[in-house]
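Peer 1: Sharing a structure with you now.
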Amino acid sequence: MTDAAPVDDEPTVPTPQATPTAPPPAPPAGGADAPEAPPATLWDRMRDDPQYAPEHLALEAVRRLGPEAAQWVVRARAERPDLSAEDLAEQAVRRFVNRARLSGAVSGAAGLPGAVIDVGVLAWTQARLVLHVAAAYGVDPVHPDRATDLLVLQKVHKVTESARLALGVAAGRERAGALFGHGAQQPLGRVMLRLGVRLAQMAGVRAAKRMVAKVVPGAAIVLGTWANSSATKDLAERARALYRANRDGVPQQRGA
């Protein structure tokens, strides 16, 4: 099961002036290559249950983005039957690494809410990349196991078994929240900080506490283009290795 971010290690930050439940609807400049934000319902779910934010994101990504990836590979093969799995995977990697470069300032918002949105958009973009790479290698992107793959590839969990357990807990909490609503919330600033740290872990941002620098007036945006593309490229290599092995009939090693 995923452990919550230790309370004692959380830096003290001012309560944000505003806490958007979803990013602004208008995407940043960049046309088709602009990063897309997670849906508003997912933001609400993650804010209500920040401890399991990566699990909620993985489950929603497979539901929403898996069909998109499956349709993409069908169209791509219809247009270019000569393309190999490696060619298709390379297309997906280039496309979503470019989007990741743009995701460091997608929200246009300042302070902690803006930082949380930025890292959430990056994690969502990376999930889209993994599912497209899976589809390129002939692995079903809508299968529930892809949520497990996401959590292991993004190093939220070290092994498949713990990822599956945490996904089961998150799914149960999702159903309970839909039926009964959510209990009393923690202070808003603490919730947002915990959510940001959990999403930063999922997106491969090792120095998660640096995210707090965006709260400081005049500080540079933490998730710069280099950090975003570097983390996403590393994830892409792990995904290609996993799904290439699946295609070639080699036993998959999901432990760390």
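The values are calculated or read from the model by the stated rules, or taken from the named source; none is laboratory data. These numbers were taken from a predicted model, which means no experiment stands behind them. Note: ideal-geometry Cβ built from the backbone for every residue, glycine included; neighbour counts use all protein chains shown. Note: areas computed on protein heavy atoms with side chains; ligands, DNA, RNA excluded. Shrake-Rupley method; radii C 1.70, N 1.55, O 1.52, S 1.80 Å.
Peer 1: Can you list residue pairs whose Cβ atoms sit under 8 Å apart, with the first residue in the stretch 141-163 being among the small types (Gly, Ala, Ser) and the second being open to solvent by 20 Å² or more (accessible area, probe 1.4 Å)? Count only pairs 6 or more apart in sequence or on different chains.
Peer 2: Going by the 8 Å Cβ cut-off, the qualifying pairs are ALA147/LEU59; SER162/MET1; ALA163/VAL152.
Peer 1: Here's a follow-up. Could you list, in sequence order, all residues of the stretch 122-159 that are touching a Gly at 6+ places or on another chain (Cβ under 9 Å) and among the β-branched types (Val, Ile, Thr)?
Peer 2: VAL142, VAL152, VAL159, listed by residue number.
Peer 1: Restricting attention to the stretch 156-182, and to residues there that are open to solvent by 60 Å² or more (accessible area, probe 1.4 Å) and modelled with pLDDT under 90, which single residue is nearest to ALA236 (Cα to Cα)?
Peer 2: Among those that are open to solvent by 60 Å² or more (accessible area, probe 1.4 Å) and modelled with pLDDT under 90, it is ARG173.
Peer 1: Given ALA70, ALA40, which one is at pLDDT 85 or above and exposed (fewer than 15 other Cβ atoms within 10 Å of the Cβ)?
Peer 2: So the residue among ALA70, ALA40 that is at pLDDT 85 or above and exposed (fewer than 15 other Cβ atoms within 10 Å of the Cβ) is ALA40.
Peer 1: Among the residues of the stretch 49-91, write down those that are of a type in the set (Gly, Ala, Ser) and closer than 19 Å to ASP145 by Cβ.
Peer 2: The answer is ALA58, ALA61, GLY66, ALA69, ALA70, ALA85, ALA89.
Peer 1: For the stretch 122-129, indicate whether the set of residues that are surrounded by fewer than 24 Cβ atoms within 10 Å (Cβ to Cβ), in contact (Cβ under 8 Å) with a residue 40 or more places away in the chain, closer than 20 Å to ASP234 by Cβ and of a type in the set (S, T, N, Q) is non-empty.
Peer 2: no
Peer 1: Condition first: of a type in the set (Asp, Glu), at pLDDT 95 or above and assigned to a loop (DSSP other than H, G, I, E, B). Can you find one or more residues in the stretch 141-152 that meet it?
Peer 2: Within the stretch 141-152, none of the residues are of a type in the set (Asp, Glu), at pLDDT 95 or above and assigned to a loop (DSSP other than H, G, I, E, B).
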